[in-house]
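See structure below.
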Amino acid sequence: MGILTTWNILLSRYSGQKDLVLGTPVAGRDHADLNKQIGFYVNTLALRNHVNPEEGFKSCFNRIKETTLTAYEHQHYPFDRLVEELDLKRDTSRNPLFDIMLTLQNVMEGESQIFDEVGKVIDNGASVAKFDMNITAFEIGNNLKLNVNFNRNVYETEMVSELLENYQNLLTELLLNPVDQIGK
């Protein structure tokens, strides 16, 4: 919830928007009958949140937490059906509800050695971006490692590097002053 909240705050600062929608994958094996089946059961959840620059981080966090928990109650509702029922104008080159996907991965013990660079942005070359930006946060003990895959037709490497640096600064700022207005 903290990662989601801080990304909403940062993206609100960058875009000037207060109404944001980020996507997140959710596992779809909650029913006991699916446990022994082979397959990839994942649904996409669109998380719509509002950022008020005049409130403090704690208040924003609590509101986004409640909104997100409510959204998770509907995680089995098919994403495609949601898009269909919203009757959104379709553009095959874009996702109909959001441009940024946020994923949290818990790294198992022993896997953390693959993350040896701290505080550095590493360009791994071209890859296919399914969204304008796909942010994967790896929780490694008490540390957070971010992997950002982005559409080079939309963002430049320098901009994404600056975004990550600003994210780190925002985290520090919010932890030191959790009740100050987030729009400062």
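For the reader, a short list of remarks on this structure follows.
- Average accessible area per residue (Å²) across segment 63-110 - probe 1.4 Å, nucleic acids and ligands excluded: 76
- Residue-count net charge about Leu97 - beta-carbon cut-off 13 Å; Lys, Arg +1, Asp, Glu -1: -3
- Of Tyr14, Tyr155, Tyr167, the order by accessible heavy-atom surface (1.4 Å probe, DNA, RNA and ligands excluded), from most exposed downward, is Tyr14, Tyr155, Tyr167.
- Protein-only accessible surface order, largest first, of Ser12, Ser93 at 1.4 Å: Ser93, Ser12
- Exposure rank, largest accessible area first [Val179, Val21, Val154; 1.4 Å]: Val179, Val154, Val21
The values are calculated or read from the model by the stated rules, or taken from the named source; none is laboratory data. Everything numeric here is computed off the predicted structure, so don't read it as measured data. As a convention, Cβ positions derive from the backbone with ideal geometry for all residues, glycine included, and neighbour counts pool all protein chains shown. To get the accessible areas, we keep the full protein, side chains included, count just its heavy atoms, and leave off ligands, DNA and RNA. Shrake-Rupley method; radii C 1.70, N 1.55, O 1.52, S 1.80 Å.
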